[in-house]
1. With only Lys, Arg, Asp and Glu charged, each at its Cβ (+1 for the first two, -1 for the last two), find how big the charge dipole of the range 12-83 is about the Cα centre; round to the nearest 20 debye.
2. What is the order of 56, 12, fewest Cβ neighbours within 10 Å to most?
3. When the Karplus curve 6.51 cos²θ - 1.76 cosθ + 1.60 is applied with θ = phi - 60°, which whole-Hz ³J(HN,Hα) does each residue of the range 75-82 get, with x for Gly and Pro?
4. Using only alpha carbons, build the gyration tensor for the chain and give me the equivalent ellipsoid semi-axes, biggest first, whole Å.
5. Fewest first, what order do 59, 20 take by the number of other Cβ atoms within 10 Å?
6. Between residue 79 and residue 2, what is the label-to-label distance in nm when each label sits 7 Å out along the Cα-to-Cβ direction?
7. For the range 17-29, in order, what is each residue's ³J(HN,Hα) by Karplus, 6.51 cos²θ - 1.76 cosθ + 1.60 with θ = phi - 60°, in whole Hz (x at glycine and Pro)?
8. Picking from 62, 33, 17, which is most flexible by a Gaussian network model of the chain using Cα springs under 10 Å?
Amino acid sequence: MKERPAVKPHDWIRVDGVSCVVAVVRDPTDPLGDLEVVFDRQKPANVDVKWTGEEWAFCRPGDLGGYADRYPRLSSFVRTLKAGPHVR
């Protein structure tokens, strides 16, 4: 099992093959998951993400997420998302 990678808000990561922008970094024991991310430049959505020990994964696969562009707290992350991917 690998350690959870260090990430910070506005970082780009891949989750199940999808380019995402990190919005919120949580404590590893948080029941909501390790991160909240935004993805999909056409219809920005926000979802929770967890570290599996090997890779980032959506907490609820198939969940289309919330409407990220409707939440003022996520507006800067949606701007980063729309600016384009820079995934490491």
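A short reminder: the numbers here are calculations on the coordinates, not readings from a lab. As the structure is a prediction and not an experimental result, all values here were calculated from the model. Note: ideal-geometry Cβ built from the backbone for every residue, glycine included; neighbour counts use all protein chains shown.
1. Numbers: 10 positive and 11 negative charges, 91 e Å.
Around 440 debye, computed over the range 12-83.
2. On the way: 56 22, 12 17.
In increasing order of surrounding Cβ atoms, one gets 12, 56.
3. Listing the rounded values in order: 4, 5, 6, 5, 4, 4, 4, 5 Hz.
4. Values: eigenvalues 77, 36, 29 Å².
Working through the eigenvalues yields semi-axes of 20, 13, 12 Å.
5. Neighbour counts put them in this order, fewest first: 59, 20.
6. Result for the modelled spin labels: 3.2 nm.
7. Going residue by residue, I get x, 9, 6, 9, 9, 6, 9, 9, 9, 10, 4, x, 8 Hz, with x marking Gly and Pro.
8. Greatest mean-square fluctuation among the candidates belongs to 62.
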